[in-house]
């Protein structure tokens, strides 16, 4: 039995349904994997935890993988399993109607006052024909509580907001919300969840990681083919209230976001890191093939000669 400690990007939620199905049905154990899901008490630096031996793998977003490699850390991404739509959220009664209206606004994002949130908003403003300097934008750090920040008038917009969570949450709280999607306004779409590890763990636990992905795919199959059974498993395992209309809406919106194709292209990462470098989010570019691999996804077919 190989232990795999997986760090979640946030509290347990419908983003993790296939993992919960695989563990509940004993599929990970059948594959020789003792899977431990680690729910962070606060924002987690996944690569610190992996390098310290506290985690083996972690869920994160493509943006953070590029940041880690630009800092010289041995992060490697090896599977993309969820892709949603998202970007910068605003309330419909805020007076904001298009991206260039965000010039001079207060931006809520967990990394504030770091440059990431401002770079996203500035790119959108300029893509919409507006003008804005980073100093014109005011960073606000209300942790991950995007909706609270907007409702309590701590910020005018919030990023990064996912459609299947924050937008639905705001609307559920009678705060009509909408968003400007990254993909529509000049930003490489990183509203995706990926799995990362370190180069050393990848080498040491390659077979276990390959088996892990097989079970994860099986969990996604179950979610797609047996949606009611998957729903029952989720609410039973998490003790969330199945009658809660918000959680029900989040579950229903998240289920279609899981991908059958775990692969990503190095071209995607090259474009993403070019945008990040152009906005001073990273200082150096790396070869994308050094930090993303599809090697665990495709079986090697021996030639018959």
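To test your reading of the geometry: what angle, between 0 and 90 degrees and rounded to tens, separates the Cα axis of helix 115-127 from the longest principal axis of the chain?
60
Cut-off 14 Å, label point 7 angstrom out along Cα-to-Cβ of residue 200: give me the residues of the range 49-63 whose amide nitrogen falls inside.
Only 49-57 fall inside the zone, counting backbone N under 14 Å.
Please give the length that would be gained between residue 229 and residue 280 if that part of the chain were fully extended, namely 0.36 nm times their separation in residues minus their C-alpha to C-alpha distance (nm, one decimal).
Details: separation 51, 0.36 × 51 = 18.36 nm, distance 4.63 nm.
Value of the extension gain: 13.7 nm.
From the helices alone, meaning DSSP H stretches of at least four residues, give me the mean residue ellipticity at 222 nm for the chain, per-run term -39500 (n - 2.57), in deg cm²/dmol to the nearest 500.
Details: 12 runs with 112 residues, N = 305.
My calculation for the chain gives -10500 deg cm²/dmol from helical runs alone.
Along the Cα-to-Cβ line of residue 298, 7 Å from the Cα, sits a label point; which residues in the range 248-262 have backbone N less than 16 Å from it?
Backbone N within reach: 261-262.
Given springs between every Cα pair under 10 Å in a Gaussian network model of the chain, which of 45, 178, 239 has the largest fluctuation?
239
Order of 246-258, 226-238 by packing, highest average Cβ count within 10 Å first? Mind showing how you got there, number by number?
Working: 246-258: 18.0, 226-238: 15.8.
Those peptides, ordered most packed to least, come out 246-258, 226-238.
If the chain between residue 173 and residue 51 were fully stretched, how many nm would it gain, using 0.36 nm times the residue separation less the Cα-Cα distance? Spell out each step's value before the answer.
Working: separation 122, 0.36 × 122 = 43.92 nm, distance 4.00 nm.
39.9 nm is the gain from fully extending residue 173 to residue 51.
Would you compute the Debye intensity of the chain from its alpha-carbon atoms alone, equal scatterers and no solvent, and pass along log10 I(q)/I(0) at q = 0.10 Å⁻¹ to two decimals?
One equal scatterer on each Cα of the chain leads to -0.58.
Is the range 179-283 rounded, prolate or oblate when judged by the Cα gyration tensor, a ≥ b ≥ c being the square roots of its eigenvalues, rounded requiring a/c under 1.5 and prolate requiring a/b larger than b/c? Mind showing how you got there, number by number?
On the way: a/c = 2.48, a/b = 1.35, b/c = 1.84.
Oblate, since a/c reaches 1.5 and b/c is not below a/b.
Could you work out how far the C-alpha centroid of the range 82-133 sits from that of the range 197-222, in angstrom?
The range 82-133 and the range 197-222 have Cα centres spaced 36 Å from each other.
Using a/c under 1.5 as the rounded threshold, could you call the range 19-151 rounded, prolate or oblate? The axes a ≥ b ≥ c are square roots of the C-alpha gyration tensor eigenvalues, and prolate needs a/b larger than b/c, oblate otherwise.
Since a/c reaches 1.5 and a/b is larger than b/c, the shape of the range 19-151 is classed as prolate.
Any idea what the relative contact order of the range 86-184 is, in percent, if you count C-alpha pairs under 8 Å spaced at least 6 apart?
Numbers: 188 pairs, mean separation 43.3, N = 99.
Reported as a whole number, the value is 44 percent.
Which of the peptides 143-150, 291-298, 116-123 is most tightly packed, and how do the rest follow, judged by the mean count of other Cβ atoms within 10 Å per residue? Please list the in-between numbers first.
On the way: 143-150: 20.8, 291-298: 17.5, 116-123: 23.9.
Answer by packing, highest mean first, reads 116-123, 143-150, 291-298.
With a ≥ b ≥ c taken as the square roots of the eigenvalues of the C-alpha gyration tensor of the range 86-184, please select rounded if a/c is under 1.5 and otherwise prolate if a/b is larger than b/c or oblate if it is not? Could the numbers behind the result be given before it?
Working: a/c = 1.62, a/b = 1.32, b/c = 1.23.
Prolate, because a/c is 1.5 or more and a/b exceeds b/c.
With contacts defined as alpha carbon pairs under 8 Å and 6 or more residues apart, what's the relative contact order of the chain in percent? Kindly include the intermediate steps, with their values, before the conclusion.
Values: 527 pairs, mean separation 83.1, N = 305.
The normalised contact order for the chain reaches 27 percent.
Points 7 angstrom from Cα along the Cβ direction at residue 266 and residue 248: gap in nanometres?
4.9
Bear in mind these aren't lab numbers, they're just calculated from the coordinates by the rules spelled out. Computed from a predicted structure; not experimentally measured. Virtual Cβ from ideal backbone geometry, glycine too; neighbours counted across all protein chains shown.
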